[in-house]
Amino acid sequence: MPISNFPNGFAHGVSLRGMPVFNVYGGNIFWVDSGAGSDGHAGTHVRPFSTLDYAVGRCTANNGDIIMVKAGHTETVTAAAGLDLDVAGITIMGLGNGSNRPTVNFTTAVGADMDVSAANITISNFLFTGGIDALTGPIDVNAADFKMIDCETRDVTGQATDFIVADANADRMLIDGWTHRGAAAAGAESALQLVGGDNTIVRNFDIYGNFGTAAIENVTTAAVQLKVHTGFAESANAADVIFTAVATTTGFVGPDINARLNDNAANITEAFVGADMQFMQPINIVNLDGESSMQTNITASTDA
């Protein structure tokens, strides 16, 4: 049987890494540990499952179920939907710090990915690594109300083309406390690609890579009320674009974004693109070593 609440309950809930995950709920808790677990176990703390994918399948939709993934856990994804988050309303919490966080490695096929195909899923404190060159979207979000909190995406072998991809069904997605450590070599197009979506929020980010298009790009389908703010982004590519959006995308970029461009050129205005968006200062941009930043010189509003 899965572990439920502490026998006498928690009068005021419990927060884990700042998230109130043990407040009043009616769900189950399952544990996962690749080092000591087995998918034939009961999924308890002392008899954990060995794979996150199996634990997801044991959850009940919209039941408030929580999956606790132990420090040092590793999971290898080798095919499209090799890890399928297809049970609505679950929360997946990773334990550990730094390289000891639960790690999901995508390898073998460029289409290997974690599909987020059910609504209201939260995942926190995971490391996602690219174990093969030219991955085409190892984190693939296709459902609403997905939250990715305090996670890291990292190129290890080659460069993922686009590491996180979210389609028009990914309304109200929140990416918060995200670090992307891309490769210095060319090959990536973006760290995050948005294809539509309403009310997406990306905040508290630290992004590095060699992005042929942009660190964060919105393509094909306009997004509605997109908000991107508070973070650092650096591109080692001469394209020198940090953010770009479909012309009719609405929302806000900034405040408190700090950007580093690849070369000393006329690239300050071009670093942030969004014809129907509003840009909230400060958005600071630097394009040469040894220089201080300037704020974006996109046309400022006037009291006219």
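The values are calculated or read from the model by the stated rules, or taken from the named source; none is laboratory data. This is a predicted model, so every value here is computed, not measured. We place every Cβ from the backbone using ideal geometry, glycine too, and count neighbours over all the protein chains shown.
Taken over the stretch 290-304, the criterion of being among the acidic types (Asp, Glu) and within 20 Å of Ile242 (Cα to Cα) is satisfied by Glu291 alone. Filtered by the rule that a residue be assigned to a loop (DSSP other than H, G, I, E, B), without any contact (Cβ under 8 Å) to a residue 40 or more places away in the chain and closer than 19 Å to Cys151 by Cα, the stretch 91-116 gives Leu95, Gly96, Asn97, Ala112, Asp113. For the stretch 202-216, a residue qualifies if it is under 15 Å from the mean Cα position of the chain (by Cα) and either surrounded by fewer than 18 Cβ atoms within 10 Å (Cβ to Cβ) or over 23 Å from Asn125 (Cβ atoms) (or both), and the qualifying residues are Arg203, Asn204, Asp206.
Applying the criterion of at least 2 residues that are of a type outside the set (S, T, N, Q) and either surrounded by 18 or more Cβ atoms within 10 Å (Cβ to Cβ) or at pLDDT below 95 (or both) to the strands (runs of 3 or more DSSP E) found wholly in the stretch 117-162 leaves 127-130, 139-141, 147-149, 152-155. No other residue among Asp150, Asp155 is acidic (Asp, Glu) and within 13 Å of Asn105 (Cβ to Cβ) apart from Asp155. Across the stretch 251-304, the number of residues qualifying as under 18 Å from Ala214 (Cα atoms) and among the hydroxyl-bearing types (Ser, Thr, Tyr) comes to 2. Which of the residues spanning the stretch 163-177 are surrounded by 22 or more Cβ atoms within 10 Å (Cβ to Cβ), of a type in the set (Gly, Ala, Ser) and farther than 12 Å from Ile121 by Cα? Answer for the stretch 163-177, where residues must be surrounded by 22 or more Cβ atoms within 10 Å (Cβ to Cβ), of a type in the set (Gly, Ala, Ser) and farther than 12 Å from Ile121 by Cα: just Ala166.
For the stretch 256-304, the tally of residues that are surrounded by 14 or more Cβ atoms within 10 Å (Cβ to Cβ), of a type outside the set (S, T, N, Q) and not in a loop (DSSP other than H, G, I, E, B) stands at 11.
Checked against the criterion of being touching a helix residue (DSSP H, G or I) at 6+ places or on another chain (Cβ under 8 Å) and assigned to a loop (DSSP other than H, G, I, E, B), the stretch 246-255 contains not a single residue that satisfies it.
Among the criteria (1) in contact with a Ser or Thr (Cβ under 7 Å, 6 or more places away or on another chain); (2) surrounded by fewer than 17 Cβ atoms within 10 Å (Cβ to Cβ); (3) within 20 Å of His180 (Cα to Cα), the one Ala109 does not fulfil is (3).
Of the residues in the stretch 54-64, none is within 28 Å of Gln159 (Cα to Cα) and not hydroxyl-bearing (Ser, Thr, Tyr).
The set of residues from the stretch 200-221 being part of a loop (DSSP other than H, G, I, E, B) and farther than 18 Å from Asn142 by Cβ comprises Asn210, Gly212, Thr213, Ala214, Ala215. For the stretch 190-201, residues that are of a type outside the set (S, T, N, Q) and surrounded by fewer than 22 Cβ atoms within 10 Å (Cβ to Cβ) total 4.
Free of Cβ contacts under 8 Å to residues at least 40 places away in the same chain, under 19 Å from Ala88 (Cβ atoms) and surrounded by fewer than 16 Cβ atoms within 10 Å (Cβ to Cβ): does that describe Asn28? The answer is no for Asn28. Within the stretch 43-59, does at least one residue satisfy the condition of being in a strand (DSSP E or B), of a type in the set (Val, Ile, Thr), buried (at least 17 other Cβ atoms within 10 Å of the Cβ) and modelled with pLDDT of 95 or more? No, the conditions are met nowhere in the stretch 43-59. In the set (1) in contact with a Phe, Trp or Tyr (Cβ under 7 Å, 6 or more places away or on another chain); (2) of a type in the set (Gly, Ala, Ser); (3) within 19 Å of Asn105 (Cα to Cα), Ser124 fails one condition alone, (1).
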